[in-house]
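One structure below.
The values are calculated or read from the model by the stated rules, or taken from the named source; none is laboratory data. Owing to the predicted nature of the structure, the values given are computational and were not obtained by experimental measurement. Here the Cβ is made from the backbone with ideal geometry for all residues, glycine too, and neighbour counts use every protein chain on show.
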Amino acid sequence: MFFEKTYEVPTKGEGDVIDLTPLLERFLSESGAGDGVCTIAATGSTYAVTTAEYEPGLVEDFSRVLQGLVPRGPVYSHDARWGDGNGYAHVRASLAGPSVSFAVVGGKPRLGTWQQPVLLDFDNRPRTRRVSFCIAG
């Protein structure tokens with residue numbers, strides 16, 4: 001069995017963190033899957049999908065840590081080439097990664113108690129992001 005669906009997710013950009021749990025639950029319900037492996041993937045290069053404990057403190061921590069690792073402000077070679085000012089967003093997204101995969105058993109995701117799938121939008125403006133969900137089993 002294989003089932004895939006892409007959802008559009010509006011974001012604010014600038015480090016917006018969005019809990020994807022409601023979309024995951026919707027996807028698993030629509031798929032009718034019992035057991036398998038689910039992958040959630042970003043389909044662009046300035047946002048990422050990972051897991052985290054989705055709570056305000058961690059959302060602030062993401063912003064602070066990423067600003068220290070890959071600051072917004074310096075001129076990146078990408079910016080010089082394309083002039084879009086989001087070179088930092090490409091680097092941040094590459095570090096965070098484009099996708100997560102996890103087991104699904106009995107139609108339920110095998111995630112930890114404080115672990116939620118999240119979208120991290122690093123771009124310098126609001127966007128409508130496309131997030132691909134697929135399950136195979």
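For the reader, a short list of remarks on this structure follows.
- Of the numbered criteria (1) closer than 17 Å to Gly15 by Cβ; (2) crowded, with 17+ Cβ neighbours inside 10 Å; (3) under 12 Å from the mean Cα position of the chain (by Cα), the one Tyr76 fails is (3).
- Breaking point among (1) modelled with pLDDT of 95 or more; (2) surrounded by 12 or more Cβ atoms within 10 Å (Cβ to Cβ); (3) in a helix (DSSP H, G or I), for Gly57: (2)
- Criterion violated by Ala103 - all others in (1) modelled with pLDDT of 95 or more; (2) surrounded by fewer than 17 Cβ atoms within 10 Å (Cβ to Cβ); (3) within 17 Å of the chain's Cα centre (by Cα); (4) more than 16 Å from Thr6 (Cα to Cα) satisfied: (3)
- Candidates are the residues of region 35-54 that are hydroxyl-bearing (Ser, Thr, Tyr) and surrounded by 14 or more Cβ atoms within 10 Å (Cβ to Cβ); the one that is farthest from Val131 (Cα to Cα) is Tyr54.
Conditions tested, residue by residue: (1) surrounded by fewer than 19 Cβ atoms within 10 Å (Cβ to Cβ); (2) modelled with pLDDT under 95; (3) out of contact with any Pro (no Cβ under 8 Å at 6 or more places or on another chain).
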| residue | (1), (2), (3) |
| --- | --- |
| Gly83 | yes, yes, yes |
| Arg110 | yes, no, yes |
| Arg130 | yes, no, yes |
| Cys134 | no, no, yes |
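- Of the residues making up region 73-90, not a single one is within 21 Å of Ala41 (Cβ to Cβ) and β-branched (Val, Ile, Thr).
For every residue, the table says whether it meets (1) under 14 Å from the mean Cα position of the chain (by Cα); (2) of a type in the set (Gly, Ala, Ser).
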| position | (1), (2) |
| --- | --- |
| Ser31 | no, yes |
| Glu53 | yes, no |
| Leu66 | no, no |
| Leu69 | no, no |
| Pro98 | yes, no |
| Pro117 | yes, no |
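- Residues that are of a type in the set (Asp, Glu) and either out of contact with any strand residue (DSSP E or B) (no Cβ under 9 Å at 6 or more places or on another chain) or surrounded by 14 or more Cβ atoms within 10 Å (Cβ to Cβ) (or both) were ranked within region 16-34; the one that is nearest to Arg64 (Cα to Cα) is Asp16.
- Filter pass, Val105 being farther than 18 Å from Leu20 by Cβ, among the β-branched types (Val, Ile, Thr) and free of Cβ contacts under 8 Å to residues at least 12 places away in the same chain: no
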